Amino acid sequence: MWLPRPSQLHDTVGAIRKINEGGGPRRLRLIRVGRPKGLLPSSETTVEVKTASGKVVRFSPEFPVPFFYAWGYRLARQLGLPLASTIDPEDLSFEVSVPRWAWPS
């Protein structure tokens with residue numbers, strides 16, 4: 001089972017606190033998803049949150065990745081399979097607006 005490190009929890013709680021102090025989220029942006037790493041695979045992401053007050057909070061939580069997906073991806077990259085070589089999780093990014101009613105005041 002994957003468990004986050006205490007420093008990761010501390011950073012995430014601090015980021016959530018800053019978001020709340022800024023009046024809640026207005027826009028969420030997933031900037032980057034890292035490649036799976038580790039024996040029990042996890043992937044570091046970079047998330048940017050623009051608050052209602054206009055402040056931007058950036059943090060990098062780490063998420064577990066399903067075991068077979070991560071090891072299958074690694075094996076396909078090592079073998080140079082065309083589909084796995086062209087798809088890079090680090091190219092993934094998107095932005096979502098958060099409706100005002102979705103965050104309690």
Long-range amide H contacts for Gly24: which residues qualify at under 5 Å (H placed 1.01 Å from N, peptide plane, sequence gap of 5 or more or a different chain)? Ala52
Give me the one-decimal nm value for the distance between modelled label points at Glu44 and Tyr69, 7 Å along each residue's Cα-to-Cβ direction. 2.0 nm
In degrees between 0 and 90, to the nearest 10, how far off the longest principal axis of the chain does helix 6-21 point, with axes built from Cα atoms? 40 degrees
How large is Rg over Rh for the range 1-89, taking Rg from the Cα atoms and Rh as the Kirkwood inverse mean of 1/r across Cα pairs? 1.09
Amide H to amide H under 5 Å from Val65: which residues, 5+ apart in sequence or cross-chain, H placed 1.01 Å off N in plane? Ser42, Ser43
Assertion target for Asp11, Asp91, ordered by fewest C-beta neighbours within 10 angstrom first, is Asp91, Asp11
Which residues qualify? For Ile31, with a placed amide H closer than 5 Å and at least 5 residues away or on another chain, they are Thr46, Val47, Glu48
Give me a comma-separated list of calculated 3J(HN,Hα) values for the range 30-35, in order, Karplus coefficients 6.51, -1.76, 1.60 applied at θ = phi - 60°, integers in Hz, x for any Gly or Pro. 8, 8, 8, 10, x, 6
Run the quick spin-label model on Arg35 and Arg17: label points 7 Å from Cα toward the beta carbon, then report their separation in nm to one decimal. 3.6 nm
Taking K and R as +1 and D and E as -1, what net charge do the other residues with C-beta under 15 Å from the C-beta of Leu75 add up to? +4
From the backbone phi of the range 45-56, what are the Karplus-calculated ³J(HN,Hα) couplings (6.51 cos²θ - 1.76 cosθ + 1.60, θ = phi - 60°) in whole Hz, Gly and Pro given as x? 10, 10, 10, 10, 10, 9, 8, 4, 7, x, 6, 10
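What number, in percent, do you get for the relative contact order of the range 17-105 if the mean sequence gap of Cα pairs under 8 Å and at least 6 apart is divided by its residue count? Walk me through the numbers before you get to the answer.
Details: 151 pairs, mean separation 32.1, N = 89.
Relative contact order comes out at 36 percent.
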In the range 32-63, trypsin sites (Lys or Arg not before Pro) in a DSSP loop with at most 15 other beta-carbon atoms within 10 Å: Lys55
Compute the long axis of helix 67-79 from its Cα atoms, compare it with the longest principal axis of the Cα atoms of the chain, and write down the angle in degrees, 0 to 90, nearest 10. 50 degrees
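Computed from the coordinates by the stated procedures, all read-outs in this text should not be read as laboratory data. Quick caveat, the model's predicted, so the values are computed rather than measured. Note: ideal-geometry Cβ built from the backbone for every residue, glycine included; neighbour counts use all protein chains shown.
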